[in-house]
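The values are calculated or read from the model by the stated rules, or taken from the named source; none is laboratory data. Worth saying up front: this structure is predicted, and the values here are computed from it rather than measured. Please note: Cβ atoms are built from the backbone with ideal geometry, for glycine as well, and neighbour counts cover all protein chains shown.
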Amino acid sequence: MKSPQAAGRRGPRSRAAHGVFGPVRTGREAALWILVRVEGEGAFANVLLSRSLPRWGLPRGEAELASELALGVLRWRARLDWTLEHLLGRPVDRLPLPVRQALRLGAYQVLFLQRVSPAVAVSSSVELTKRVGHAGTAALVNAVLRRLVREGEAPPPEADDHALAVRTSHPLWLVRRWVQRWGLEEASRLCEANNLPPPAHVRVNTLRARPEEVVLALQQAGAQVEPGSLPESLHVHEGLEARLRLEAEGRISPQDEAAMVVARAVDPQPDELVVDACAAPGGKATHLAALMGDRGRVVACDVSPRKVEALRRRVERYGARCVEARVVDARNLDVRGADRVLVDAPCTGIGVVRRRPEIRWRVGPQDLVAAAAQQREILAGAARAARPGGVVVYSVCSTEPEEGEAVVEWLLATGEYAPEPFAVPWRGGQLWSAADGCLRLFPHRHGTDGYFVARLRRR
């Protein structure tokens, strides 16, 4: 997922983000540190967790608690804040950043973490507040959480769409769009799916391993493995250490099945010239290389030198020798005559909120307009790299039509491109056909991230 939102939402670091309250020794301290950085600096929780937990060296139970608390508070923030503001009598955002995060941590434990006693939930949050606030804020957190234990959640809003937004912890503006588009029941199913843990899928890198070899290695490590929806996909339960080892060896790539569908829509053939215009971090570029049998040429582009360097390391690890990583802006590609061009454009990321719940609170209606403008520029520039008769595939991890259908319709209006029907192998060897050249994937319908995929052919 490539989101342009985080860069514009960074704020000053707080004392907690600097670790002024001392070294991180518990899961609750880790969760507070992460939550402050996520809201204050625009960081992503999953990135902070993967980088920071090993450095802190917390016991396994504390590390798991840190992940549960940080992601839980981010996922359920609107529902927590609805009740907390009822108890406070004022917006939660008026509290200092570290204090409101400590308060949310306590409320999350009281309402959602049954294995934690209310007394521990309250006292631990008060202790956190003492370290990042003062005696007055600690007393406030203590009083509010004790009332929460006694009174429970606040009554829901009266309006159906507002009640759905609070109950499932989604932005009201987004829920209203979904209700208007699909109705209350369908919108509710999507919201509920966004709050479920996403399944762990891996793509077998067929340049390094055969699926049966990977299955055996995972099963020997105690993992449960099931066939995925695509031939190269596996659904894995447990076995995290084995997955990390196989990933380090370049034999598997953790990847949602919607992202795998994108490379399948491109359908690259051996000996072709293929351009991946927005390639970082490289999951789709290496997938394209594998589908081609590493025969031909994949020009993988990104505007960031740092990301391209990471992409080169990934390409080497995955044995994708046909991939050529370049630092170049997709709007000004220097490649022409490509047989196939993939534009996996930067987007709001609304389709991956089950993985990155903080996106819910960063994106607003105005961001759809800005993202679509950038996407049109990128698609127009990158599509010119395709030869006459060549294929152009456009994809975004967003549920919203402004970033999907509307961008493609804008390009089609130029008269230079036409929709191209396509099909991908899906669940049990069947073909999933896109007769109009477009596919929409949703968490509640397909068990994948929310994605839009369109295939066009240049006239």
Are there any pairs with C-beta distances below 7 angstrom linking a residue in region 64-84 that is not assigned by TED's automatic domain parsing to the domain that holds Thr168 and of a type in the set (Gly, Ala, Ser) to a residue that is surrounded by 21 or more Cβ atoms within 10 Å (Cβ to Cβ) and outside any helix (DSSP H, G or I), with the two at least 6 apart or on different chains, and if so which? Ala78/Ser169; Ala78/His170
Picked from region 280-306 (must be in contact (Cβ under 8 Å) with a residue 60 or more places away in the chain and either among the hydrophobic types (A, V, I, L, M, F, W, C) or in a strand (DSSP E or B) (or both)), the residue farthest from Cys347 (Cα to Cα) is Ala290
Of all residues being among the small types (Gly, Ala, Ser) and surrounded by fewer than 21 Cβ atoms within 10 Å (Cβ to Cβ) in region 39-66, which is nearest to Leu240 (Cα to Cα)? Just the residue, please. Ser50
Note: among Val99, Val144, Val110, Val132, just one is of a type in the set (Val, Ile, Thr), touching a Pro at 6+ places or on another chain (Cβ under 6 Å) and touching a residue at least 40 places away in the same chain (Cβ under 8 Å), namely Val132
Just checking, which of Leu234, Leu244 is under 23 Å from the mean Cα position of the chain (by Cα), without any contact (Cβ under 8 Å) to a residue 60 or more places away in the chain, surrounded by fewer than 24 Cβ atoms within 10 Å (Cβ to Cβ) and outside any helix (DSSP H, G or I)? Leu234
Could we say that Ser229 is more than 19 Å from the chain's Cα centre (by Cα), of a type in the set (S, T, N, Q), under 21 Å from Arg355 (Cα atoms) and surrounded by fewer than 24 Cβ atoms within 10 Å (Cβ to Cβ) here? yes
If I filter region 200-211 for residues that are within 19 Å of the chain's Cα centre (by Cα) and more than 19 Å from Val453 (Cβ to Cβ), do I get at least one hit? yes
In region 44-101, which helices (runs of 4 or more DSSP H) lie fully inside it and hold 1 or more residues that are more than 22 Å from Val166 (Cβ to Cβ)? 45-56, 60-75
What tally of residues in region 67-76 results from selecting those that are buried (at least 23 other Cβ atoms within 10 Å of the Cβ), more than 16 Å from the chain's Cα centre (by Cα) and more than 16 Å from Thr26 (Cβ to Cβ)? 0
When the residues of region 385-407 are filtered to those that are over 20 Å from the mean Cα position of the chain (by Cα) and under 20 Å from Lys284 (Cα atoms), which remaining residue is surrounded by the fewest Cβ atoms within 10 Å (Cβ to Cβ)? Gly390
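Condition check ((1) in a loop (DSSP other than H, G, I, E, B); (2) of a type in the set (Ser, Thr, Tyr); (3) surrounded by 16 or more Cβ atoms within 10 Å (Cβ to Cβ)) across all residues:
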position: Gly106; (1), (2), (3): no, no, yes
position: Arg115; (1), (2), (3): yes, no, no
position: Val122; (1), (2), (3): no, no, yes
position: Gly136; (1), (2), (3): no, no, no
position: Leu145; (1), (2), (3): no, no, yes
position: Trp173; (1), (2), (3): no, no, no
position: Gln180; (1), (2), (3): no, no, no
position: Ser188; (1), (2), (3): no, yes, yes
Among residues belonging to region 373-384 that are surrounded by fewer than 24 Cβ atoms within 10 Å (Cβ to Cβ) and either polar (S, T, N, Q) or without any contact (Cβ under 8 Å) to a residue 12 or more places away in the chain (or both), point out the one that is farthest from Trp173 (Cα to Cα). Gln374
Right, Ala221: surrounded by 14 or more Cβ atoms within 10 Å (Cβ to Cβ), farther than 24 Å from Arg264 by Cα and of a type outside the set (Phe, Trp, Tyr) or not? yes
For the structure I just gave you, tell me whether Arg360 is out of contact with any Gly (no Cβ under 7 Å at 6 or more places or on another chain), in a helix (DSSP H, G or I), modelled with pLDDT of 95 or more and closer than 21 Å to Leu190 by Cα. yes
